[in-house]
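Trainee: Supplied in structure tokens, the structure appears directly below.
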Amino acid sequence: MNLPIGIFDSGIGGLTVAKALLERLPRESLYYVGDTAHMPYGDKSVDSLKEYAAGISQRFVDAGCKAVVVACNSASSNALDTVKAAMGLHVPVVDVVQPVVNWVARHHPGKEVALVGTRATVDSGVYQTKLAEANVMMKVRATPLLASAIEEGFHNGTISEAVVNAYFADQWTAGTEALILACTHYPLAMGQIMAVLDEPLTVVDGPAIVADAVAAALAHLGLGAPEDAPQGCHRFEVTDWTGSFAQGARHIMQSDLNLQEVGWTGL
Ligand code: DGL
């Protein structure tokens, strides 16, 4: 039996990772939870993020997930230990920070990169510590309005343009080699971010890097779906029904998802 990979985020952002994962591993089945009842995660306390992560992890345990992807930088930076403890030693847990740190350390050693993320991610200092250890210098900025705007469907119009301008128009990223979009929602606004920057920057492709890390973890543990397995079948749940999630999910996954609302108290 091909057990699912659990994957979660506060909302649609993690779907950028889910999409990359399905392109990389089309025979895997995903169990996605969008914790829309608590969106945005970026403004929440560490204790709250741990509580949400524990509740979602329990659902993954109950569903027999063979692996978990924390497809959220805010949760990866603040609640990874909670997920690992809940899943136990035999279920690999892949976060969205470490694979990106490894990639940046390999491709930009001794150089300076820029990073934008939610307040929860930036304030955790996790990227700063890990990249400093890897001898990569950083310029960092919290961009708290961006994820909520994108979740609401504003990622290619005047509203997101205004938000992107507010965070990038002063060209603070100048002189850096690459830009880390340390929020899984942000790739959706990448075009607008690039349009504001005077100097072109390499954008680190977090979703693809994380998909590779998941593939490697599954292969290492012999947990991958067999070569002759049919395409995976997927389960998508939200903790609160929102039209913006349904619409955003359709946009990202390019198909209608069979979306179930499970409510937070059910977690
Ligand atoms: N997409 C998430 C992240 O990577 C959460 C954004 C939010 O809910 O604030 O941080």
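Trainee: Of all GluC sites (Glu not before Pro) in segment 216-267, which ones are in loop regions per DSSP and have a Cβ with at most 15 other Cβ atoms within 10 Å? All intermediate terms of the calculation are to be shown ahead of the outcome.
Mentor: Working: sites: GLU227, GLU237, GLU261; in loops: GLU227.
Hits after loop and neighbour filter: GLU227.
Trainee: Take the chain, connect every pair of alpha-carbon atoms lying under 10 Å apart with a spring to form a Gaussian network, then pick out the residue of SER77, SER57, SER148 with the largest mean-square fluctuation.
Mentor: Sorting by GNM fluctuation, first place goes to SER148.
Trainee: Read phi for every residue in segment 20-31 and hand back ³J(HN,Hα) as whole Hz from Karplus 6.51 cos²θ - 1.76 cosθ + 1.60, θ = phi - 60°, with x for Gly and Pro.
Mentor: Ordered by residue, 3J(HN,Hα) equals 4, 5, 6, 5, 7, 10, x, 8, 7, 9, 10, 10 Hz.
Trainee: Assign unit charges at the C-beta atoms only (+1 for Lys and Arg, -1 for Asp and Glu), then state the dipole size of the chain relative to its Cα centre in Debye, rounded to the nearest 20. Write down the numbers at each step before the final one.
Mentor: Numbers: 16 positive and 28 negative charges, 81 e Å.
Using Cβ point charges on Lys, Arg, Asp and Glu, the chain gives about 400 debye.
Trainee: Identify the trypsin sites (Lys or Arg not before Pro) of segment 69-118 meeting these criteria: DSSP loop state and at most 15 other C-beta atoms within 10 Å of the C-beta.
Mentor: Working: sites: LYS84, ARG106, LYS111; in loops: LYS111.
Passing both the DSSP loop test and the Cβ count: LYS111.
Trainee: Could you pull out every residue, at least 5 positions away or on a different chain, whose amide H is within less than 5 Å of the one on VAL113? Hs are placed 1.01 Å off N in the peptide plane, and Pro or chain starts have none.
Mentor: Residues meeting the amide H criterion: MET137, MET138, LYS139, GLU177.
Trainee: Right, another one. Taking the solvent-accessible surface of protein heavy atoms with a 1.4 Å probe, what is the per residue accessible area of the chain in Å²?
Mentor: 42
Trainee: So, one more: Taking only DSSP H segments of four or more residues, each worth -39500 (n - 2.57), what value at 222 nm results for the chain once the sum is divided by all its residues, to the nearest 500 deg cm²/dmol?
Mentor: Values: 11 runs with 120 residues, N = 267.
So the helix-based figure for the chain works out to -13500 deg cm²/dmol.
Trainee: State the volume of the convex hull built on the alpha-carbon positions of segment 39-93, expressed per residue in Å³ and rounded to an integer.
Mentor: Details: hull volume 3.7 nm³, N = 55.
About 68 Å³ per residue, rounded to a whole number.
Trainee: So, taking all protein chains as they sit and a 1.4 Å probe, how much accessible area belongs to PHE168, in Å² rounded to tens?
Mentor: 0
Trainee: Now, a different point. So what J values fall out for segment 120-126 if you push phi through Karplus, 6.51 cos²θ - 1.76 cosθ + 1.60 with θ = phi - 60°, rounded to Hz, Gly and Pro as x?
Mentor: For segment 120-126, the Karplus-derived couplings read 4, 6, 5, 5, 5, x, 5 Hz, x marking Gly and Pro.
Trainee: Tally Lys/Arg at +1 and Asp/Glu at -1 over every other residue whose Cβ is under 10 Å from the Cβ of GLN171; what's the total? If you can, show how the numbers build up before the last one.
Mentor: Values: positive: none; negative: ASP170, ASP198, GLU199.
That sum, taken over residues with Cβ under 10 Å, equals -3.
Trainee: With every atom except the alpha carbons ignored, what do you get for Rg and Dmax of the chain, in angstroms?
Mentor: Using the Cα atoms of the chain, the pair Rg, Dmax is 17.5, 53 Å.
Trainee: Moving on to the next point. Report the Stokes-Einstein translational diffusion coefficient (µm² s⁻¹, integer) for segment 21-152, Rh taken as the Kirkwood radius over Cα pairs, at 10 °C with viscosity 1.306 mPa s.
Mentor: 100
Trainee: Right, something else. Could you work out how far the C-alpha centroid of segment 79-96 sits from that of segment 114-159, in angstrom?
Mentor: 23
Trainee: At a 1.4 Å probe, what is the % contribution of carbon and sulfur to the accessible area of the chain?
Mentor: Values: 5870 of 11310 Å².
Using a 1.4 Å probe with all protein chains present, the chain comes out at 52 percent carbon and sulfur.
Trainee: Less than 13 Å Cβ to Cβ from GLU28, Lys/Arg counted +1 and Asp/Glu -1: what total charge do the surrounding residues give? Walk me through the intermediate numbers first.
Mentor: Values: positive: LYS19, ARG24, ARG27, LYS66, ARG235; negative: GLU23, GLU227.
Local charge sum for GLU28: +3.
Trainee: Relative contact order of segment 1-108: what whole-number percent is it, with Cα pairs under 8 angstrom and at least 6 residues apart?
Mentor: Working: 152 pairs, mean separation 33.3, N = 108.
Computed over segment 1-108, the figure is 31 percent.
The values are calculated or read from the model by the stated rules, or taken from the named source; none is laboratory data. Note that the coordinates shown come from a computational prediction; the quantities given were computed from them, not determined experimentally. Reconstructed Cβ throughout: ideal geometry from the backbone, glycine too, with neighbour counts over all protein chains shown. In case anyone asks, the SASA skips ligands and DNA or RNA and just uses the protein heavy atoms, side chains included. Shrake-Rupley method; radii C 1.70, N 1.55, O 1.52, S 1.80 Å.
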